[in-house]
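Undergrad: My structure is below; once you've seen it, I'll send some questions.
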Amino acid sequence: MKENKFICPICNSSDMTLRHEVNFVYSYKIDIDEPGLKNSEVFLSYEYDKRENKYSREYIECNRCGTQYPNTFLNGILGN
Ligand SMILES: [Zn+2]
């Protein structure tokens, strides 16, 4: 069995999670009687008029001690 190389430098746990966190802002223009120019029958949350990606980041988190590391932590480990 291949050795697990994902070891937390703080607590030596190999129980790690990669997280991709994204923050979007969806805008719906208000017209006569419905939210959004694209919503004529019912309000559909995905029928937005504008979507802006405000923020995103990837990080590795240790599930034992909670320490977070930048995703560059995996450089040289995941690559072939
Ligand atoms: Zn840890």
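Since every read-out is calculated from the coordinates, none of them should be taken as a lab result. Owing to the predicted nature of the structure, the values given are computational and were not obtained by experimental measurement. When we count neighbours, we look across all protein chains shown, and the Cβ atoms used for this are built from the backbone with ideal geometry, even at glycine.
Undergrad: Just to be sure I understand the curve: with the Debye formula and one point per C-alpha of region 16-74, what is log10 I(q)/I(0) at q = 0.27, 0.31 Å⁻¹?
TA: One equal scatterer on each Cα of region 16-74 leads to -1.02, -1.15.
Undergrad: Would you calculate the separation in nanometres between label points at TYR46 and VAL25, each defined as 7 Å from the Cα along the Cα-to-beta-carbon direction?
TA: If labels sit at TYR46 and VAL25, their model points lie 2.4 nm apart.
Undergrad: Just to be sure I understand the model, the point goes 7 Å from the Cα along the line to the Cβ. What's the resulting GLU34 to THR17 distance in nm?
TA: For GLU34 paired with THR17, the spin-label model returns 3.8 nm.
Undergrad: Positive end of the dipole of the chain, charges at C-beta (+1 Lys, Arg; -1 Asp, Glu), about the Cα centre: which of TYR59, PHE24, ASN75 has its Cα farthest in that direction?
TA: ASN75
Undergrad: Also, I was wondering about something else. Dipole size in debye (nearest 20) for the chain around its Cα centre, Lys and Arg Cβ +1, Asp and Glu Cβ -1? List each step's numbers first, then the result.
TA: On the way: 10 positive and 12 negative charges, 108 e Å.
Taking the Cα centre of the chain as origin, the dipole is about 520 debye.
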